[in-house]
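S.K.: Below is a structure I'd like to ask you about.
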Amino acid sequence: MRIAFLFVVLAGAVYYTSVAFLDLSFLSRTGRLGPGFFPRIVGVAAIAMTIWVIVDALREGRAPDDESSTWGDVLMLMALAVAYAVLLRLFGGLIATVIYLGLTLSLLNRGHHRQNAVLSIAIPGAVYLLFDRLLNANMPPALFDMPF
Amino acid sequence: MDIFGDLLMGLSVAITPINILYLLAGAMVGMIVGVIPGFGPSAGLAILLPMTFGMDPIGAIMMLAAIYYGAMYGGTITSILLNTPGESATVASTFDGFPLAKKGRAGPALVMQAVASFVGGTVGVIMITVLAPLFAQVSRSFGPPEYFLLALMGMLTLIVMIGQHWKLGLISAMIGFALGTVGVDLETGQGRYTFGSAELIGGIYFIPIAIGLFGLGELFYAFYKGLHKTGTGGIVQYDKEERFWPTAKDWISTRWTMARHSVLGFVVGVIPGAGATIASLMAYSTERSISKTPEKFGKGEMAGLVAPETANNAASSGAMIPLLTLGIPGSASTAVLLAAFLLWGLRPGPLFMEQNPELAWGLIASMYLGNMALLAISIFAIPLFVQLIKVPYRVLGPTVVVICTLGTFSVNASFVETYLMFAAGIIGFFMRLYGFSPAALVLALVLGPLAEEALRQTLTISRGSFMIFVERPASLWIIGVTIALLVLLPLLNQVGKSAGQAEKAGS
């Protein structure tokens, strides 16, 4: 997994550097240092360092994968966070937060149905009061008109 | 005006009912952030930064600074009662803090850590008061070459302090620099990496990245470490102890410990990249080596708790010096603070104290008040924080996701930034997992545009010659200090690490 992540970083660095060399000029029209100057330095350094680290990692051999039982929980939390992002766009801040918390707590805090129900209502309510009323901050609007 | 007059002026700015309210709220929130395992000041600052947008700049900066140094107070409560540090800067406080609690001395340990934090924090602020104007005066002669070198020094020292994973730290910094180049090039007006998106013309906004990396990324990592599965059954019941307040012997035996480590912590804090964690570990190691009873360390020695607590709070004050006088943050937390300053249209640097005396001295004066408030809060609100520790992580986690998400959206009402925050959270988790440094990324994201601008200006002045860096005395001084730090910091790092390892082996 670690090596795969390093290859993703390398791919990003290669793409970043190619844009720096192909699309961004090293010097401006007036002969000063142009927009491509700094990105080229950063890109080349990033590629060189990442290749160095990948070579080190390959030399060390394949590290045993962590069989931590918490991987499932982390991936679930990430998936729920992404789902929350989608829900926000559809239903707006308040409703999406109620749905997200109801779902997440029922999966993480199993067996505490009453507590989960109370928290799924109370936390969004408190957050709504804090952001929308007290701080007068923006809350995500719903894609469709909601009755409240 | 003399320093005393400036400070009085600062006090008159800070002491208004609304500013005091913001200060108390910041101190309280900082303590709460410190108490939650896995969350440090940088996460707290990033998550709560958007909530300050409706405030006036002075109140907002005072509140954010209070969150920053308040987190140092809060992190120790779990170190003492649960043997779980709230953040890395309070790891050293577990060495003697938890043994003290197990010996039935949790109450005195909690009070002494609050007093030590207060002494460290207050001595730190006194040293800021005296030294910040001097630093500002020296740095007034600095030009673009010096600013580029200072930014480079900040990055290099942070990477050196990462230790064995320095290569990954360097790659993290490159990612931060790369993200910092997104947007329109201010000199030529050409778009860079915008891919035709109007949202990216202004560059990648700092807040979603910082909230994603420090808020969501740390949360995912805490879940990976299984924090949501561990209960709080091992928490020491301090309220059942016979004696809550420390004895006269506790005060007398640690008075010089506090004095020594206030100064040591402050000096380490001023060095970019070193920070509160190294300061606390060094203080513990130093205190044990000069103690007449080193064998008692690790078994519940009060000086073993007081030394790191004094040092980490003094260090967090020390880190404000390069931020205020040079505009160069030395850590992830101060990088978030710098971003806050920039968001308010304020540019810390040599002229900051001269051009914004009310804000600069108001902030410094508020730190005196903040430390007093934190002393009271951290002694009398202990039952409240104990209740907070008992909230299970599996409930706290989803709530943090909600606050991070809505906080990010509230800044610019942008769904793109919210999605960016989620992406940064997932990337931040993998970075933490595989030894990369989210702190280096954030620091580079803040310093990158400053460094690029300074370097391009420098090379324009010198007509492309890099010799300018060795022709100017100020630049030469900075190069000399950077080389000295690059040699010395690994040694300091080693001292701190060996203290931690020795303690682990002993326990």
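S.K.: Please list, ordered by chain and number, the residues whose modelled amide H lies under 5 Å from the amide H of residue B:86; skip anything fewer than 5 residues away on the same chain.
M.R.: B:78, B:79
S.K.: Amide H neighbours of residue A:27 under 5 Å, counting only residues 5+ apart in sequence or on other chains, H built in-plane at 1.01 Å?
M.R.: Answer set, sorted by chain and number: A:34.
S.K.: Over 28 Å between Cα atoms, which of B:240/B:292; B:102/B:225; B:292/B:390; B:103/B:390 qualify? List each step's numbers first, then the result.
M.R.: On the way: B:240/B:292 32 Å; B:102/B:225 25 Å; B:292/B:390 38 Å; B:103/B:390 22 Å.
In this structure, B:240/B:292; B:292/B:390 exceed 28 Å between Cα atoms.
S.K.: Given a 1.4 Å probe and no ligands, DNA or RNA in the count, how much accessible surface is buried by A and B, both sides, to the nearest 100 Å²? Write down the numbers at each step before the final one.
M.R.: Values: alone 11040 and 20510 Å², together 26150 Å².
Approximately 5400 Å², summed over both chains.
S.K.: Same structure again: What number does chain B give for Rg over Rh if you use C-alpha atoms and the Kirkwood radius?
M.R.: Working: Rg = 21.9 Å, Rh = 22.9 Å.
On the Cα set of chain B, Rg over Rh gives 0.96.
S.K.: Could you look at the stretch B:32-74 and say what percent of its accessible area is carbon and sulfur, using a 1.4 Å probe and all protein chains? Present the calculation step by step, with values, prior to reporting the outcome.
M.R.: On the way: 520 of 690 Å².
Within the stretch B:32-74, the accessible surface is 75 percent carbon and sulfur.
S.K.: To the nearest 10 Å², what's residue B:361's accessible area with a 1.4 Å probe?
M.R.: Residue B:361 has an accessible surface of roughly 10 Å² with all protein chains in place.
S.K.: If we sort B:69-75, A:91-97 on the protection proxy, mean other Cβ atoms within 10 Å, highest first, what's the order? The partial results should precede the final answer.
M.R.: Working: B:69-75: 31.9, A:91-97: 21.9.
Those peptides, ordered most packed to least, come out B:69-75, A:91-97.
S.K.: Sticking with this one: Would you grab the residues whose amide H sits under 5 Å from the one on residue B:191? Only those 5+ places off in sequence or on another chain, please, with H modelled 1.01 Å from N.
M.R.: For residue B:191, the qualifying residues are B:185.
S.K.: Also, quick follow-up: Output wanted: per-residue J couplings in Hz (rounded whole) for the stretch B:17-27, from phi through Karplus 6.51 cos²θ - 1.76 cosθ + 1.60, θ = phi - 60°, x for Gly and Pro.
M.R.: x, 6, 5, 5, 5, 4, 4, 5, 4, x, 4
S.K.: If I take every Cα pair under 8 Å that is 6 or more residues apart in chain A, average their sequence separation and divide by the length, what percent do I get for the relative contact order?
M.R.: Contact order relative to length: 18 percent.
S.K.: Starting from the Cα gyration tensor of the stretch B:131-228, take the square roots of the eigenvalues, sort them a ≥ b ≥ c, and report rounded, prolate or oblate (rounded when a/c is under 1.5, otherwise prolate if a/b is larger than b/c, else oblate). Display every interim value, and only then the final one.
M.R.: Numbers: a/c = 2.02, a/b = 1.13, b/c = 1.78.
Oblate, because a/c is 1.5 or more while a/b does not exceed b/c.
S.K.: Could you please report the charge total around residue B:192, scoring K, R as +1 and D, E as -1 over all other residues with beta-carbon less than 10 angstrom from its beta-carbon?
M.R.: Numbers: positive: none; negative: A:23, B:185.
Result for the local shell: -2.
S.K.: Could you derive backbone 3J(HN,Hα) for the stretch B:351-368 from the dihedral phi with the Karplus parameters 6.51, -1.76 and 1.60 (θ = phi - 60°), listing whole Hz in sequence and x where the residue is Gly or Pro?
M.R.: Computed from phi, the couplings for the stretch B:351-368 are 9, 4, 5, 7, 7, 10, x, 5, 6, 4, 6, x, 5, 4, 4, 5, 5, 5 Hz.
S.K.: Shifting gears a bit: Quick check: the angle from helix B:438-461's long axis to the longest principal axis of chain B, C-alpha only, nearest 10 degrees?
M.R.: 30
S.K.: Which of the three applies to the protein assembly as shown, rounded, prolate or oblate, going by the alpha-carbon gyration tensor with a ≥ b ≥ c and a/c under 1.5 meaning rounded? Display every interim value, and only then the final one.
M.R.: Details: a/c = 1.40, a/b = 1.13, b/c = 1.24.
Rounded is the answer for the protein assembly as shown, as its axis ratio a/c remains below 1.5.
S.K.: If you keep only loop residues by DSSP, which chymotrypsin sites (Phe, Trp or Tyr not before Pro) in the stretch B:166-226 have at most 13 other Cβ atoms within 10 Å of their Cβ? If you can, show how the numbers build up before the last one.
M.R.: Working: sites: B:166, B:177, B:193, B:195, B:205, B:206, B:214, B:220, B:221, B:223, B:224; in loops: B:193, B:195, B:205.
For chymotrypsin sites (Phe, Trp or Tyr not before Pro) across the stretch B:166-226 that sit outside H, G, I, E and B with at most 13 neighbouring Cβ atoms in 10 Å, the list reads B:195.
S.K.: Could you tally the net charge around residue B:19, taking each other residue with its Cβ under 13 Å from the Cβ of residue B:19, Lys/Arg +1 and Asp/Glu -1?
M.R.: Numbers: positive: none; negative: B:56, B:358.
After counting each charged neighbour, the total is -2.
S.K.: In a shell of Cβ-Cβ distance under 10 Å around residue B:40, excluding residue B:40 itself, what net charge do Lys and Arg (+1) and Asp and Glu (-1) give? Can you show the working numbers first?
M.R.: On the way: positive: none; negative: B:87, B:218.
Charge balance near residue B:40 sits at -2.
S.K.: For Cα pairs less than 8 Å apart in space and 6+ apart in sequence, what is the mean separation divided by the residue count of the stretch B:166-246, i.e. the relative contact order in percent?
M.R.: Averaging sequence separation for qualifying contacts and normalising by length gives 17 percent for the stretch B:166-246.
S.K.: Work out which residues of the stretch B:425-447 lose at minimum 20 square angstrom of accessible surface when the other protein chains are put back, relative to the chain isolated, with a 1.4 angstrom probe, and list them by number.
M.R.: B:426, B:429, B:430, B:434, B:436
S.K.: Angle, helix B:3-14 long axis vs. longest principal axis of chain B, Cα atoms, 0 to 90°, nearest 10?
M.R.: 80
S.K.: Here's something else I'd like to know. How far, in degrees from 0 to 90, does helix B:248-270 lean away from the longest principal axis of the Cα atoms of chain B, to the nearest 10?
M.R.: 10
S.K.: Then there is this: Give the residue from B:263, B:416, B:495 lying farthest towards the positive end of the charge dipole for the stretch B:3-506; charges sit on Cβ (+1 for Lys and Arg, -1 for Asp and Glu) and the dipole is referred to the Cα centre.
M.R.: Farthest towards the positive end: B:495.
S.K.: Mind computing the radius of gyration and Dmax over the alpha-carbon atoms of the stretch A:71-134? Å is fine for both.
M.R.: 12.2, 38
S.K.: Please state the shape class of the stretch A:1-103: rounded when a/c is under 1.5, otherwise prolate if a/b exceeds b/c and oblate if not, all from the C-alpha gyration tensor.
M.R.: Numbers: a/c = 5.34, a/b = 1.42, b/c = 3.77.
It comes out oblate by the Cα gyration axes.
The values are calculated or read from the model by the stated rules, or taken from the named source; none is laboratory data. This structure is a prediction, so every number in the text was calculated from the model and none was measured. FYI the Cβ positions are ideal-geometry reconstructions off the backbone, even for glycines, and counts take in every protein chain you see. Note: areas computed on protein heavy atoms with side chains; ligands, DNA, RNA excluded. Shrake-Rupley method; radii C 1.70, N 1.55, O 1.52, S 1.80 Å.
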